[in-house]
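Novice: Got a structure for you, written out below as structure tokens; questions coming shortly.
The values are calculated or read from the model by the stated rules, or taken from the named source; none is laboratory data. On a predicted model such as this, the values are computed, not experimentally measured, just so you know. Note that each Cβ is placed from the backbone with ideal geometry, even for glycine, and that neighbours are counted across all protein chains shown.
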Amino acid sequence: MNTERGAIGDSQSFQGWIVLRGNKLAGVKFQNVSKVFGKDVKAVDNLNLDIRDGEFMVLVGPSGCGKTTALRMIAGLEESTGGDLCIGDQRVNDVPPKDRDIAMVFQNYALYPHMTVYDNIAFGLRIRELKGIFWQLSHMSDAQRIKQDIDKRVRDAAKMLSIDHLLARKPKELSGGQRQRVALGRAIVRKPKVFLMDEPLSNLDAKLRIQTRAELIRLHRSLGITTIYVTHDQVEAMTMGQRIAVMKDGVLQQCAEPETVYNQPANKFVAGFIGAPPMNFMEATIKNDGQLRVDVGEFSLPLPAEHPAKALVNKPVTLGIRPESIFDANLNNPVAGTDANTVEAKVDVLEPLGPEYTAYLNIGKHNLLATIDSATKIKEGGASKFVINLDSIHIFDGETEVAVR
Ligand SMILES: Nc1ncnc2c1ncn2[C@@H]1O[C@H](COP(=O)(O)OP(=O)(O)OP(=O)(O)O)[C@@H](O)[C@H]1O
Ligand SMILES: [Mg+2]
């Protein structure tokens, strides 16, 4: 139900408050926003990020990189120490949390221990939707309708999160994962302008996490509410985000669509953080002996003549090769093997993963991971030839670690 402000009932007195919240979409904009704790803990460092109306944005990065702090600033629970934060077209730096129309699922969520699951989910709605109505008898029928609507929303959300059989229980009678879903339900039913979710699936087991992930994506599609979702799990980021913002030490490293972050990582950190198994890195030098090459000592790979690495001849770089860009030369591969892209490696360990193996390869001093089709005949301890997809190798500046492309 997306009834707009004042659209319910025939009384003018409804005009001033929202009965059933309309989806008034709102983007969130960080402009040079910083948060310094104490003297010198830069939790968020000059963040510029423009989250669009109705977008599902994932903030991802390792522990301590400033994800929660960024979310808490949007919610108004943390004051920024610099910059401007806007929700929609309003600068909200000085707007108190309760007036920001935001629902946040906290990393350390807290449920009301004395209330049932049902009441925990319905509580916020009741406060918001029913406050101020009872003093006017003429509005009692509307109050009834609102109650019914709340009931429907609570039950729909509970069903979606598979906790509908738990509505009468108290939090202490629930598992950690079930409690986390109650906290999610409490946010979902409110239909706010912006959802903030801080690792909301971390306590769920793998199966339930995948299921709830899909439910959240579906929910976002149907409600279209701007959602900012924090996780340190790059798989979750890749599968859920319309765009993902990768952070490190309070600094935004790259913000782009998942495919872009994966295929064109801005720097070595992003390249290593996104993708599993992680990208292989090798110290290398750019050479030009008539053919521009990236040389790791044991082998070298040709680069197109116009590759920007030509400005780095004889300079140190890092060569990055994703495990899925390495193929068993004896199989039918999407990339043809030639002298230029084929290397010989010792197969150290083979880890079966069903449709593929993770192969631990040695080429001289270099240890590489490769994702190899399970049709492979390579054996642990043997040596074999491998084909590298030259179209998907990455080169990073040896000093700045910025991608050279
Ligand atoms: N209240 C605080 N006082 C001082 N330092 C803080 C405070 N809150 C966070 N920090 C510091 O700010 C940095 C960012 O913390 P934040 O909680 O935002 O990280 P995070 O990315 O959410 O990490 P995690 O994945 O572990 O939840 C960390 O170095 C942390 O120690
Ligand atoms: Mg956190």
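Novice: May I ask you to list the residues in region 94-121 that are closer than 24 Å to Arg52 by Cβ, more than 15 Å from ligand 2 (Cβ to nearest atom) and touching a helix residue (DSSP H, G or I) at 6+ places or on another chain (Cβ under 9 Å)?
Specialist: Scanning region 94-121 gives Pro97, Arg100, Ile102, Ala103.
Novice: Looking at region 187-194, is at least one residue assigned by TED's automatic domain parsing to the domain that holds Asp233, closer than 29 Å to Ser63 by Cβ and in a helix (DSSP H, G or I)?
Specialist: yes
Novice: Sticking with this structure for a sec: Pairs needed: first member in region 124-147, within 23 Å of Ala187 (Cα to Cα); second member anywhere, surrounded by 11 or more Cβ atoms within 10 Å (Cβ to Cβ) and at pLDDT below 65; C-beta distance under 7 Å; at least 6 residues apart or different chains.
Specialist: Partner pairs satisfying both residue conditions: Glu129/Val19; Gly132/Trp17; Ile133/His139; Ala143/Ile133; Ile146/Val19.
Novice: Still on this model: Just one of the numbered conditions (1) under 16 Å from the mean Cα position of the chain (by Cα); (2) at pLDDT below 95 is not true of Gln253; which one?
Specialist: (2)
Novice: Looking at region 75-103, which of the residues that are touching a Lys or Arg at 6+ places or on another chain (Cβ under 8 Å) and of a type in the set (A, V, I, L, M, F, W, C) is nearest to ligand 1 (Cβ to nearest atom)?
Specialist: Checked region 75-103; the qualifying residue nearest to ligand 1 (Cβ to nearest atom) is Ala75.
Novice: Go through the residues of region 225-248 one by one and say whether even a single one is outside any helix (DSSP H, G or I) and on the phi > 0 side of the Ramachandran plot.
Specialist: Step one: of region 225-248, the residues outside any helix (DSSP H, G or I) are 225-233, 241-248.
Next, from what is left, pick out any that are on the phi > 0 side of the Ramachandran plot: none.
Among the residues of region 225-248, not one is outside any helix (DSSP H, G or I) and on the phi > 0 side of the Ramachandran plot, which makes the answer no.
Novice: Sticking with this one: In region 207-243, which residue that is out of contact with any Gly (no Cβ under 8 Å at 6 or more places or on another chain) and within 16 Å of ligand 2 (Cβ to nearest atom) is nearest to Ala157 (Cα to Cα)? Before the answer, list the steps.
Specialist: Going through region 207-243, the residues out of contact with any Gly (no Cβ under 8 Å at 6 or more places or on another chain) turn out to be 207, 209-223, 227-228, 230-231, 233, 235-243.
Narrowing further to those that are within 16 Å of ligand 2 (Cβ to nearest atom): 228, 230-231, 233, 236-237.
On the way: Ile228: 19, Val230: 21, Thr231: 22, Asp233: 25, Glu236: 21, Ala237: 23 Å.
The selected residue is Ile228.
This table checks each residue for (1) in the same structural domain as Ala103 (by TED's automatic domain parsing); (2) of a type in the set (Ser, Thr, Tyr); (3) within 30 Å of Gly176 (Cα to Cα); (4) exposed (fewer than 15 other Cβ atoms within 10 Å of the Cβ).
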| site | (1), (2), (3), (4) |
| --- | --- |
| Leu216 | yes, no, yes, no |
| His220 | yes, no, yes, no |
| Tyr229 | yes, yes, yes, no |
| Gln242 | yes, no, yes, no |
| Ala245 | yes, no, yes, no |
| Lys248 | yes, no, yes, no |
| Gln253 | yes, no, no, no |
| His307 | no, no, no, no |
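Yes or no, residue by residue, for (1) hydrophobic (A, V, I, L, M, F, W, C); (2) surrounded by fewer than 20 Cβ atoms within 10 Å (Cβ to Cβ):
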site: Ser34; (1), (2): no, yes
site: Asp50; (1), (2): no, yes
site: Gly54; (1), (2): no, yes
site: Gly61; (1), (2): no, no
site: Leu77; (1), (2): yes, yes
site: Leu85; (1), (2): yes, no
site: Pro97; (1), (2): no, yes
site: Met104; (1), (2): yes, no
site: Tyr112; (1), (2): no, yes
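A quick yes/no check of all residues on (1) surrounded by fewer than 18 Cβ atoms within 10 Å (Cβ to Cβ); (2) modelled with pLDDT of 95 or more; (3) within 30 Å of His307 (Cβ to Cβ):
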| residue | (1), (2), (3) |
| --- | --- |
| Asn341 | no, yes, yes |
| Leu353 | yes, no, no |
| Leu369 | no, yes, yes |
| Leu390 | yes, yes, yes |
| Val404 | no, yes, yes |
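Novice: Now for a different question. For region 156-201, give me each residue that is surrounded by fewer than 22 Cβ atoms within 10 Å (Cβ to Cβ) and of a type in the set (S, T, N, Q).
Specialist: Ser162, Ser175, Gln178, listed by residue number.
Novice: Within region 118-132, is even one residue within 12 Å of ligand 1 (Cβ to nearest atom) and surrounded by fewer than 17 Cβ atoms within 10 Å (Cβ to Cβ)? Outline the logic, then answer.
Specialist: Filtering region 118-132 for residues within 12 Å of ligand 1 (Cβ to nearest atom) gives none.
No: region 118-132 contains no residue that is within 12 Å of ligand 1 (Cβ to nearest atom) and surrounded by fewer than 17 Cβ atoms within 10 Å (Cβ to Cβ).
Novice: Does Lys315 satisfy being among the charged types (D, E, K, R) and either in contact with an Asp or Glu (Cβ under 9 Å, 6 or more places away or on another chain) or buried (at least 18 other Cβ atoms within 10 Å of the Cβ) (or both)? It would help to see each step written out before you state the result.
Specialist: On the way: among the charged types (D, E, K, R): yes; either in contact with an Asp or Glu (Cβ under 9 Å, 6 or more places away or on another chain) or buried (at least 18 other Cβ atoms within 10 Å of the Cβ) (or both): yes.
The answer is yes for Lys315.
Residue-wise test of (1) among the hydrophobic types (A, V, I, L, M, F, W, C); (2) under 28 Å from Gly381 (Cβ atoms).
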{"residue": "Glu259", "(1), (2)": "no, no"}
{"residue": "Gln264", "(1), (2)": "no, no"}
{"residue": "Ile274", "(1), (2)": "yes, no"}
{"residue": "Leu312", "(1), (2)": "yes, no"}
{"residue": "Pro316", "(1), (2)": "no, no"}
{"residue": "Glu324", "(1), (2)": "no, yes"}
{"residue": "Phe327", "(1), (2)": "yes, yes"}
{"residue": "Glu351", "(1), (2)": "no, yes"}
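Novice: Sticking with this one: So, in region 27-78, how many residues would count as being of a type in the set (D, E, K, R), within 13 Å of ligand 2 (Cβ to nearest atom) and in a loop (DSSP other than H, G, I, E, B)?
Specialist: 1
Novice: Same structure again: Does region 283-298 include one or more residues that are touching a residue at least 60 places away in the same chain (Cβ under 8 Å), part of a loop (DSSP other than H, G, I, E, B) and farther than 20 Å from Phe396 by Cα?
Specialist: Looking through region 283-298, none of the residues is touching a residue at least 60 places away in the same chain (Cβ under 8 Å), part of a loop (DSSP other than H, G, I, E, B) and farther than 20 Å from Phe396 by Cα.
Novice: Within region 20-41, identify whether any single residue is β-branched (Val, Ile, Thr), modelled with pLDDT under 95 and away from ligand 1 (no atom under 16 Å from the Cβ), and answer yes or no.
Specialist: No, that holds for no residue.
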